[in-house]
Amino acid sequence: VFSMNETTGEISTAKPLDYETNSSYILKVEADSMRVVSSNLRAPSKSNIARVVIDVQDENDHPPVFTRSLYIGGVAEDAKTFTSVLQVKVHT
């Protein structure tokens with residue numbers, strides 16, 4: 001589901017995420033300094049582990065389909081506050 005750049009540590013999605021399938025992920029990320037150790041034998045190896053929580057936001061997977069392609073409305077100059085101006089309908 002995710003990929004990580006081994007040099008920068010940047011985490012990115014490898015495929016689209018779907019809130020309905022999984023609303024959150026917990027990743028265990030471990031970094032170590034083995035590359036530094038192999039180039040300098042005097043440096044001790046160091047490592048650390050981080051827990052990364054990724055929460056997926058829900059999004060409308062089904063955009064509305066309107067009953068008409070164009071709606072035109074107008075507001076009278078003396079219209080009272082909260083006067084209905086236009087009613088828009090969509091297919092469900």
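Things to note:
- Candidate set from the stretch 15-39 (those that are assigned to a loop (DSSP other than H, G, I, E, B) and surrounded by 10 or more Cβ atoms within 10 Å (Cβ to Cβ)); member that is modelled with the lowest pLDDT: Ser33
- Selection within the stretch 76-90 - over 18 Å from Phe66 (Cβ atoms) and basic (Lys, Arg): Lys80
- Long-range neighbours under 6 Å by Cβ, at least six apart or interchain, first residue touching a residue at least 12 places away in the same chain (Cβ under 8 Å) and under 20 Å from Glu20 (Cα atoms) within the stretch 51-73, second among the polar types (S, T, N, Q) and outside any loop (DSSP other than H, G, I, E, B): Asp55/Ser24
- When residues of the stretch 43-92 are limited to those that are more than 31 Å from the chain's Cα centre (by Cα) and aromatic (Phe, Trp, Tyr), the one least open to solvent (accessible area, probe 1.4 Å): Tyr71
The values are calculated or read from the model by the stated rules, or taken from the named source; none is laboratory data. The model shown is predicted, which means the values in this text are computed figures rather than measured ones. Every residue, glycine as well, gets a Cβ built from its backbone with ideal geometry; the counts of neighbours run over all protein chains shown. Quick note on the areas: whole protein, heavy atoms, side chains included, nothing else; ligands and nucleic acids left out. Shrake-Rupley method; radii C 1.70, N 1.55, O 1.52, S 1.80 Å.
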